Amino acid sequence: MTLIVQKYGGTSVGSIDRIRAVAGRVGASRDAGHQVIVVLSAMAGETDRLQELGSSISARPAPEEMDVLLAAGEQASIALLAIALKDLGHPSRSFLAHQVGVRTDADHQRARIERIDTAALRESLASGVTPVVAGFQGINGAGRLTTLGRGGSDTTAVAVAAAVAADECQICTDVDGVHTADPRIVADARRLDHITFEEMLELASLGSKVLHPRSVEFAGKYAVPLRVLSSFAAGGGTLITAESESMEQPIVSGIAHAQDEAKITMSGVPDVPGVASKILGPVGGAPIEVDMIVQNAGADGLTDFTFTVKRSDYARTLELVRPVGAELGARSVSGDDQIAKVSVVGVGMRSHAGVAMRVFDSLAAENINIQMISTSEIKISVVVAERYMELAVRTLHEVFELGKSEE
Ligand code: ADP
Ligand code: ASP
Ligand code: MG
């Protein structure tokens, strides 16, 4: 008998009819002789709604209470699915994070899973009762609720799959697998049968929200067979695999985009040792995650320093760096929160030169100005004005011949 973890996302449980359909699918897997542990997201839009409620009561709502608020979405969806499963004659029960023992660190709103006690899950499976587990939430050492960051139910699913040594973790969603780009932006984006953990981690970290980055990290670390597939249609989806020599390696596997970016520039600061640490010290201490950093060589002993953060951290970051700018005698501290990051990802880039030039040339041909660049062995990221993001994604998708027509 195989043991499968099936995770259903927000759209897949977005209405009562869809929850009934999910119950049907879970039931079918059970009837086929599999043991199933279900992990759920909140119904589509519910986490946003709760977040807005919290933000409307305070400009800076206490993160530990926001976790209690946001976790409520999954509490509702798991109960609804367990009810639907029972109605279909499949014994089932809901599990909140503390009932499964999803232990996390204390970092509210972006907690990391430390361990999962599998006893309750195993007991439930052994008695033929399908567990329906709340994704996204955890419990810290002090017994308080935590959440794993938006999109974090994927990570709950993979962590559960690793803890129970499942045969496969299936991420069931509103697309039929991982595509060469977001199919909402590129109409002829092609579904990939396989993608390596390494590439998937890069795509996810660079904004492809089809998988939460930490879920890919977990799957790679604990060798969890991970598949992304449609909640609505049949099909094998995309299998995330360890690198294999026999597998054909295209130069570029996919294009990712991240819209929720912002940049901050401090210009005319002294070009002396310690400046970067002075500027970024308070930001890192907040803690606010800094992504790209660019500092040019100043001819007149002065330099411009630019870095990017998540758009949601923009206002707070400006507040933090303005006093540093004044202290350093900066000419100006400015920012732009209408930017986006577009990235080209592929392990084949390791053995192929010239990918960067193709990126730069093709964007130039479309008159898209590149504001910042960052590269690694298997990716090239550029920051562009947000209004050019979709054009940039489509242009790069075409230049690297990723579309269906190229098959
Ligand atoms: P869920 O609610 O099931 O977790 P998400 O909205 O988090 O679903 O993720 C699925 C969405 O990810 C798709 O609807 C699609 O728009 C988006 N997406 C972004 N990049 C990709 C990609 N490369 N392949 C497939 N989907 C992608
Ligand atoms: N419900 C949470 C969110 O909307 C977690 C998830 O869906 O993965 O971010
Ligand atoms: Mg998701």
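If you scan the stretch 162-172, which residues turn out to be part of a strand (DSSP E or B) and either open to solvent by less than 20 Å² (accessible area, probe 1.4 Å) or closer than 27 Å to residue 344 by Cβ (or both)? Once the filter is applied, which keeps residues that are part of a strand (DSSP E or B) and either open to solvent by less than 20 Å² (accessible area, probe 1.4 Å) or closer than 27 Å to residue 344 by Cβ (or both), the stretch 162-172 yields 169, 171, 172.
Taken together, the residues in the stretch 191-215 that are touching a Ser or Thr at 6+ places or on another chain (Cβ under 8 Å) and within 14 Å of ligand 2 (Cβ to nearest atom) amount to 6. Does residue 133 satisfy the condition of being within 16 Å of ligand 2 (Cβ to nearest atom), farther than 13 Å from residue 74 by Cβ, of a type outside the set (S, T, N, Q) and open to solvent by less than 10 Å² (accessible area, probe 1.4 Å)? Judged against the criteria, residue 133 is not a match.
Of the residues making up the stretch 372-396, those that are within 21 Å of residue 335 (Cβ to Cβ) and in a strand (DSSP E or B) are 372, 373, 374, 381, 382, 383, 384, 385.
Quick one: is residue 199 without any contact (Cβ under 8 Å) to a residue 40 or more places away in the chain, under 26 Å from residue 397 (Cα atoms), of a type in the set (Asp, Glu) and in contact with a helix residue (DSSP H, G or I) (Cβ under 8 Å, 6 or more places away or on another chain)? Taking the combined requirement at face value, the residue does not satisfy it. The single condition among (1) touching a Gly at 6+ places or on another chain (Cβ under 7 Å); (2) surrounded by 24 or more Cβ atoms within 10 Å (Cβ to Cβ); (3) within 27 Å of residue 256 (Cα to Cα) that residue 159 does not meet is (1).
Within the stretch 136-156, restricting attention to residues that are surrounded by 24 or more Cβ atoms within 10 Å (Cβ to Cβ) and among the β-branched types (Val, Ile, Thr), the residue that is farthest from ligand 2 (Cβ to nearest atom) is 146. Residues in the stretch 264-279 include none that are within 23 Å of the chain's Cα centre (by Cα) and either closer than 29 Å to residue 210 by Cβ or modelled with pLDDT of 90 or more (or both). Residues that are open to solvent by 10 Å² or more (accessible area, probe 1.4 Å), more than 28 Å from residue 18 (Cα to Cα), out of contact with any Lys or Arg (no Cβ under 9 Å at 6 or more places or on another chain) and touching a residue at least 60 places away in the same chain (Cβ under 8 Å): does the stretch 173-194 have at least one? Scanning the stretch 173-194, I find no residue that is open to solvent by 10 Å² or more (accessible area, probe 1.4 Å), more than 28 Å from residue 18 (Cα to Cα), out of contact with any Lys or Arg (no Cβ under 9 Å at 6 or more places or on another chain) and touching a residue at least 60 places away in the same chain (Cβ under 8 Å), so the answer is no. The residue that is farthest from ligand 1 (Cβ to nearest atom), counting only those in the stretch 201-221 that are of a type outside the set (Gly, Ala, Ser) and closer than 18 Å to residue 380 by Cβ, is 201.
The values are calculated or read from the model by the stated rules, or taken from the named source; none is laboratory data. These figures come from a predicted structure and were not determined experimentally. Don't worry about glycine lacking a Cβ; one is built from the backbone with ideal geometry, like all the others, and counts go over all protein chains shown. Each accessible area value is taken on the protein alone, full model and side chains, heavy atoms only, with ligands, DNA and RNA left out. Shrake-Rupley method; radii C 1.70, N 1.55, O 1.52, S 1.80 Å.
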